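Engineer: Pasting in a structure now, in structure tokens, and then I'll have a few things to ask.
Coordinate-derived values only; no laboratory data. Note that the structure is a prediction, hence the values are computed from the model and not measured. All Cβ positions, glycine included, derive from the backbone under ideal geometry; neighbour counts span all protein chains shown.
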Amino acid sequence: MRLRLKGRRASEKKSKDVLDFARSYLSEAFPNPDRQGCPSDSSLRSLAFNPSQGEPGVNEHLAACSPCFKRYGELLAELKSQREAEEGLSWRRISAWSKAHPILAGTALACAVLIAIGAGLLLRRIRLPNVPPVETHRAPSPGEPVKPPVAYTSFSLDLSALSPVRGAEPPTTGEVRPVAVPGSPLELTLTLPLASAEGPYDLTLTAGGHTFWSKSAQAHLHNGRTLIQVQADLSQIPVGFYNLEVQSSVGIRLIQPVSIQPSPPKTGEQRP
Ligand SMILES: [Zn+2]
């Protein structure tokens, strides 16, 4: 193996020597100062750059014309340096790319993210408009119970003239006239007596020892008055007389007799 390689190298060296000799010999042996019968420079160039497309006979001429042979050698050298320059350029391009890679990769990632976001928004935009019309334009099927939206009407109740009842004192409401209150969903505003404390209150609607409605609410100061604003749906309360009790956490009670009125006919509810 080693012998064969050695022999091959030796033969390669030998052929190189022969070529070098031929080169120097051919460069000098056939002077042709007038370039008589020489092919054009473009013919030599095409032989050097595209050997397969070389004109026939040019090879033979090179072997018998030193100026053409020299010129051919120059063209080969030109080709070689051109190839090297191209390779160098392409290598520099690769190098530039690899150096700029993190930035390019970052840019590419940012682009991908933006594209993904854009696609997501687009998909959402395509999907969304389908949702509301289904809900809003859906005709209620016959027989299906239609639950109308609860409309709360504002109702104010002034309790500022009431005397607070302390602790477990029996309510003395005989002298207070009942206030008519509609038996419907109310946006109830209670005005508490002057200097009533802010904070949590319990509201109850009682009659004959039974509680028909109750709710916890916060009292707040508005322009020097203590108000409780609460939603009270009294549409299920039977018509009649009740006591509306407003009790604070410190045990102060306000008792307002109320008369629950029939709810307006527009709600469509029938009462016995
Ligand atoms: Zn020639």
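Engineer: Extension gain A161-V176, at 0.36 nm per residue separation less the Cα-Cα distance, in nm? Don't skip to the answer; put the middle values down first.
Structural biologist: Details: separation 15, 0.36 × 15 = 5.40 nm, distance 0.95 nm.
Gain on extension, A161 to V176, equals 4.4 nm.
Engineer: Mark the label point 7 Å from the Cα of S249 along Cα→Cβ and return the residues of region 188-218 whose backbone N is within less than 20 Å of it.
Structural biologist: Only 190, 192-193, 195-204, 214-218 fall inside the zone, counting backbone N under 20 Å.
Engineer: What does the charge count around K80 come to, taking other residues whose C-beta lies under 13 Å from its C-beta (Lys +1, Arg +1, Asp -1, Glu -1)? List each step's numbers first, then the result.
Structural biologist: Numbers: positive: R83; negative: E74, E78, E84, E86, E87.
Result for the local shell: -4.
Engineer: Right, something else. Near L192, within a Cβ-to-Cβ distance under 10 Å, what is the net charge of the other residues, with Lys and Arg +1 and Asp and Glu -1?
Structural biologist: -1
Engineer: Also, quick follow-up: Quick one: length gained pulling A64 to S43 fully straight, 0.36 nm per residue minus the C-alpha distance?
Structural biologist: 6.0 nm
Engineer: Cβ under 11 Å from S43's Cβ, S43 left aside: what net charge do those residues give with Lys, Arg +1 and Asp, Glu -1? Present the calculation step by step, with values, prior to reporting the outcome.
Structural biologist: Numbers: positive: R45, R71; negative: D41, E55.
Around S43, the charge tally is 0.
Engineer: Label A151 and S90 with points 7 Å out from Cα along Cα→Cβ: what is the distance between them in nm?
Structural biologist: In this crude label model, A151 to S90 measures out at 8.2 nm.
Engineer: Could you work out how far apart the two model spin labels at T189 and D20 are, taking each label as a point 7 Å from the Cα in the direction of the beta carbon, and quote it in nm?
Structural biologist: 11.3
Engineer: How far apart, in nm, are two points set 7 Å out from the Cα along the Cα-to-Cβ line at Q82 and at W213?
Structural biologist: Calculated label separation equals 10.0 nm.
Engineer: Still on this model: So who's got an amide H within less than 5 Å of the one on F212, skipping anything under 5 residues away but keeping other chains? H placed 1.01 Å off N, in plane.
Structural biologist: L205, T206, A207
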